[in-house]
Amino acid sequence: MSETNSPSDWRTLAADLFEKYRNEVTERLAHRNVGIDRDDLHDAFVTALLQIAANPEKFDPEQQTEMVAFLAGASQLALLQILRTNRRRKARDEKKALLVVRDAPAARSSIEVAADTELAENARNVAQSDEERNVLRLWELGHSDDEIATALKLARPDVKLLRDRLTQRLRRLGDEHRDESMS
């Protein structure tokens, strides 16, 4: 494969370009973006290839640009967008966690909103302290033990212990609820 392929060849050569230039382009990106997750660098390269395949006239072989340099530049632009998106997502998650910690109604999970009000109340009543209520809410939102520990400034084993206690209480509550409905 020569480096002066016509733009119409991009669609058929995307897989070949991926295999041929993936390592070199991601290494260039890693050198320019120290500390950035390798998965994000790989995603940027894939995104750049897809964007170029969708719009092959972006590459002009008459400019005599090396293919690897062109792909690295396109990948760098894609990486910036990925990093912006990640930053916005992280800010949203942190804001949501703070709302949960502060017990804001807007932070209630969609499961809790959709659930029967009485059952949701009973589930919240299972938590016997503010710490347990915060762990329960973050857990309901799908946060991992590590994320909960970070948000609440607790040790990971403490979060696991609280979560296990809550799980046991919720199981007992569910068993009691089933027993009552069967009677």
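Computed from the coordinates by the stated procedures, all read-outs in this text should not be read as laboratory data. Here the structure is a predicted model, which means the values were calculated and not measured.
Stokes-Einstein at 37 °C, 0.692 mPa s, Kirkwood radius from Cα pairs: D for segment 13-87 in µm² s⁻¹? Each step should come with its number before you reach the end.
Details: Rh = 12.4 Å.
Answer from the Stokes-Einstein relation: 265 µm²/s.
Here the gap between Asp60 and Phe18, fully extended at 0.36 nm per residue and compared with their Cα-Cα distance, gives a gain of 13.3 nm.
In summary, the lysines within cross-link reach of Lys95, defined as a Cα separation below 22 angstrom excluding same-chain residues under 8 places away, comprise Lys153. Relative to one another, the C-alpha centroids of segment 54-97 and segment 136-154 are positioned 31 Å apart. Using C-alpha pairs below 8 Å separated by at least 6 residues, the relative contact order for segment 13-87 is 41 percent.
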